[in-house]
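Student: Got a structure for you, written out below as structure tokens; questions coming shortly.
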Amino acid sequence: MSDDEAARHRAKMEKRKAVQDAEVAGKTIEKGLLIVHTGPGKGKSTAAFGLMLRALGRGWRVGVVQYIKGAWETGERFALERFGDQVAWHTMGEGFTWETQDRDRDVAAARAAWAQTEALMADPTIRLLILDELNIALRYDYLPLAEVVEGLSRRRPDLHVVVTGRNAKPALIAAADLVTEMGQIKHHFAAGVKAQEGIEF
């Protein structure tokens, strides 16, 4: 790179930095966020647990309520158990609907999971709460959508909540501060590759 090219690059980056700094300085609100990870692509829960790891690194106490997934032996649960009381983990589901084949049981499990969610939202020591696959419970009407959205909306101001699962309801999306849709471009399952330890669980 010539001296002139280097000088032009530096000037361009100085202007960009000034714009970026001004934009960052204009953001003054600090609040608990309602975050939704949805869409057909892989990685919704994985991203939520990555965020949880970041929060744990900051010394936060965090909670997990798993709505659908049953007693899977997952790597993330084994890893997070090492944090002891810093993590409140509750697997409340009994498996996917095609496994249980019992709607009344699924509804009862979802109601119990929502009660646990309300208890954790009321716990002032919890700063981040992951509601894993809550979108699935809402999709199948295991819980009243209006009750859930209202409950999440009246959470205490400093609590961050992440909701995962496909097919997020429009009312939940409207109430959220941040919504990410995971798209699926290519998936190894389509090529006959099974779910693998350390990647899917």
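The values are calculated or read from the model by the stated rules, or taken from the named source; none is laboratory data. Quick caveat, the model's predicted, so the values are computed rather than measured. In this analysis, Cβ positions are derived from the backbone assuming ideal geometry, glycine residues included, and neighbour counts consider all displayed protein chains. Please note that ligands, DNA and RNA were not included when accessible areas were found on the heavy atoms of the full protein model with its side chains. Shrake-Rupley method; radii C 1.70, N 1.55, O 1.52, S 1.80 Å.
Student: Name every residue in region 9-58 that is acidic (Asp, Glu) and over 30 Å from Glu76 (Cβ atoms), in order of residue number.
Tutor: Selection gives Glu14, Asp21, Glu23.
Student: Another question, then. So which pairs qualify, if the first residue must be in region 102-126 and more than 19 Å from Leu56 (Cα to Cα), the second must be of a type outside the set (A, V, I, L, M, F, W, C) and assigned to a helix (DSSP H, G or I), the Cβ gap must be under 7 Å, and the two must be at least 6 apart or on different chains?
Tutor: Listed pairs, sorted by first residue: Asp106/Thr97; Asp106/Thr100; Glu118/Gly151.
Student: Let me ask something additional. Limited to region 1-54, what total is found for residues that are assigned to a loop (DSSP other than H, G, I, E, B), open to solvent by 100 Å² or more (accessible area, probe 1.4 Å) and over 30 Å from Leu128 (Cβ atoms)?
Tutor: 1
Student: Only helices (runs of 4 or more DSSP H) wholly contained in region 84-201 count here; list those with 3 or more residues that are open to solvent by less than 70 Å² (accessible area, probe 1.4 Å).
Tutor: 103-122, 134-139, 145-153, 170-175
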